[in-house]
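K.L.:
Once you've had a glance at the structure underneath, I'll fire off some questions.
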Amino acid sequence: MSDTAPTARVIDGKAYAAALRARIARAVETLKLRHNLQPGLAVVIVGEDPASQIYVRNKGEQTHEAGMRSDTHRLDASTTEEQLLSLIDALNGDPHIHGILVQLPLPAHIDATKVLAAIDPDKDVDGFHIINVGRLAAGLPGLVPCTPLGCLMLLKDLHGDLTGKRAVVIGRSNIVGKPMAQLLLGESCTVTIAHSRTRDLPAVCREADILVAAVGRPEMVKADWIKPGATVIDVGINRVPSLDPVKAAEGKTRVVGDVDFKEAAAVAGAVTPVPGGVGPMTIACLLLNTYTSACRAAGIEPELPELAA
Ligand code: GUN
């Protein structure tokens with residue numbers, strides 16, 4: 001790569017997410033003052049998965065910081081499906097709770113599909129309920145999965161109108177790939193969903209003005225997969241051995257995305273880093289969905305204030 005290689009703008013998702021959380025906190029304050037309404041989020045975790053414990057703690061803290069009610073239900077790994085369904089039933093009927101999130105993965109003896117289907121679709125702040133999947137596909141208002149919603153917010157902040165842009169989404173998961181594609185279609189992009197079986201994946205990706213990588217393969221997207229000037233959104237969070245061989249031998253790891261950041265930064269117009277790109281947007285959008293859900297339940301139009309510059 002020559003010294004004159006163009007350097008992509010690095011999209012600061014961490015800063016954007018912090019500003020979004022501040023806007024939500026203001027909106028929550030207004031909701032309390034004008035309507036005596038405090039949005040409430042219930043997070044349910046079953047078992048001791050260490051990564052899930054960290055996610056759930058962060059969700060609880062950020063919910064609280066935004067001025068919302070935050071209830072975390074920590075259930076033992078031996079909890080039965082029936083017990084979990086009974087808790088969801090109670091949360092569905094609780095007027096102080098506007099958002100319900102069941103942290104995944106669930107223990108193997110619990111049917112996750114059945115549990116997600118039991119959540120009231122209007123409290124489904126993960127956007128995983130089949131009713132919300134259908135609403136998104138049909139272009140109807142609903143609750144949208146947090147990570148793709150966060151990606152879309154970053155894209156719209158950068159580009160404004162996305163009409164007519166060619167978008168390629170690598171990955172076809174229900175949580176990111178498929179809803180991301182639906183959201184981009186909703187913005188009038190021309191959308192391709194690519195995946196591990198796509199023929200000549202680099203050539204398909206090179207067509208993209210917007211390239212979203214959500215495959216879970218460390219640093220898979222290389223410089224020659226990217227159209228010069230394109231916007232690259234990296235959803236991947238992959239743990240790989242430390243670059244330092246001594247530390248790697250001690251089991252130390254680092255986190256990388258699905259995109260080779262250094263290579264992408266030399267070709268793309270803009271790129272999200274990992275960490276500090278898409279990751280922080282997920283919880284911010286969870287708060288946004290909880291706020292939206294509380295407003296809708298009360299028949300109030302959700303309104304996010306702009307922050308003074
Ligand atoms: N586990 C990992 N990511 C998520 C998420 O976005 N929602 C839920 N419910 N569980 C997860």
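Every number here is computed from the coordinates shown, using simple stated rules; none is lab data. Note that the structure is predicted; figures quoted are calculated from it, not measured. FYI the Cβ positions are ideal-geometry reconstructions off the backbone, even for glycines, and counts take in every protein chain you see.
K.L.:
Right, residue 236: of a type outside the set (Val, Ile, Thr), within 18 Å of residue 179 (Cα to Cα) and either without any contact (Cβ under 8 Å) to a residue 12 or more places away in the chain or in contact with an Asp or Glu (Cβ under 9 Å, 6 or more places away or on another chain) (or both) or not?
P.N.:
Here the answer is yes, as residue 236 does meet what is asked.
K.L.:
Say whether the condition of being within 16 Å of the ligand (Cβ to nearest atom), in a loop (DSSP other than H, G, I, E, B), aliphatic (A, V, I, L, M) and in contact (Cβ under 8 Å) with a residue 24 or more places away in the chain is met by at least one residue in segment 252-273.
P.N.:
no
K.L.:
Still on this structure, please answer the following. Scan segment 256-272 residue by residue and report those that are β-branched (Val, Ile, Thr) and surrounded by 24 or more Cβ atoms within 10 Å (Cβ to Cβ).
P.N.:
259, 271, 272, listed by residue number.
K.L.:
What number goes with the only condition from (1) under 21 Å from the mean Cα position of the chain (by Cα); (2) closer than 19 Å to residue 285 by Cα; (3) not small (Gly, Ala, Ser) that residue 10 does not pass?
P.N.:
(2)
K.L.:
For segment 62-80, which residues satisfy the criterion of being of a type in the set (A, V, I, L, M) and either at positive phi or away from the ligand (no atom under 15 Å from the Cβ) (or both)?
P.N.:
Listed by number, the residues that qualify are 66, 68, 77.
K.L.:
Let me ask you something else. So residue 204 clears everything in (1) under 14 Å from the mean Cα position of the chain (by Cα); (2) in a helix (DSSP H, G or I); (3) of a type in the set (Val, Ile, Thr) except one condition, right? Which one?
P.N.:
Residue 204 satisfies every listed condition except (1).
K.L.:
Follow-up. Kindly list the number of the only condition in (1) more than 19 Å from residue 139 (Cα to Cα); (2) surrounded by fewer than 21 Cβ atoms within 10 Å (Cβ to Cβ) that fails for residue 154.
P.N.:
Every condition holds for residue 154 apart from (2).
Residue-wise test of (1) in contact (Cβ under 8 Å) with a residue 60 or more places away in the chain; (2) polar (S, T, N, Q); (3) out of contact with any Cys (no Cβ under 7 Å at 6 or more places or on another chain); (4) over 19 Å from residue 71 (Cα atoms).
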{"position": "102", "(1), (2), (3), (4)": "no, no, yes, no"}
{"position": "106", "(1), (2), (3), (4)": "yes, no, yes, no"}
{"position": "115", "(1), (2), (3), (4)": "no, no, yes, no"}
{"position": "124", "(1), (2), (3), (4)": "no, no, yes, no"}
{"position": "133", "(1), (2), (3), (4)": "no, no, yes, yes"}
{"position": "141", "(1), (2), (3), (4)": "no, no, yes, yes"}
{"position": "145", "(1), (2), (3), (4)": "no, no, yes, yes"}
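K.L.:
Are any residues in segment 59-73 touching a Gly at 6+ places or on another chain (Cβ under 9 Å) and outside any loop (DSSP other than H, G, I, E, B), and if so, which ones?
P.N.:
Residues satisfying the conditions are 63, 69, 70, 71, 72.
K.L.:
Scan segment 85-138 for residues that are part of a loop (DSSP other than H, G, I, E, B), over 20 Å from the mean Cα position of the chain (by Cα) and not charged (D, E, K, R) and report the count.
P.N.:
8
K.L.:
Against the conditions (1) touching a residue at least 24 places away in the same chain (Cβ under 8 Å); (2) not in a loop (DSSP other than H, G, I, E, B), where does residue 79 fall short? Just the number, please.
P.N.:
Residue 79 satisfies every listed condition except (2).
K.L.:
If you don't mind, another one. Tally the residues that are surrounded by 15 or more Cβ atoms within 10 Å (Cβ to Cβ) and of a type outside the set (Gly, Ala, Ser), restricting the search to segment 191-201.
P.N.:
5
K.L.:
From the residues in segment 33-58 that are of a type outside the set (Gly, Ala, Ser) and in a strand (DSSP E or B), which one is surrounded by the most Cβ atoms within 10 Å (Cβ to Cβ)?
P.N.:
Ranking the qualifying residues of segment 33-58, first place goes to 41.
K.L.:
Can you work out which of the residues in segment 27-61 that are under 24 Å from residue 301 (Cβ atoms) and polar (S, T, N, Q) is farthest from the ligand (Cβ to nearest atom)?
P.N.:
36
K.L.:
Here's another thing I want to ask about it. Scan segment 243-251 and tell me whether some residue there is part of a loop (DSSP other than H, G, I, E, B), among the aliphatic types (A, V, I, L, M) and touching a residue at least 60 places away in the same chain (Cβ under 8 Å).
P.N.:
Taking every residue of segment 243-251 in turn, none turns out to be part of a loop (DSSP other than H, G, I, E, B), among the aliphatic types (A, V, I, L, M) and touching a residue at least 60 places away in the same chain (Cβ under 8 Å).
K.L.:
Of all residues being hydroxyl-bearing (Ser, Thr, Tyr) and part of a strand (DSSP E or B) in segment 158-199, which is nearest to the ligand (Cβ to nearest atom)? Just the residue, please.
P.N.:
192
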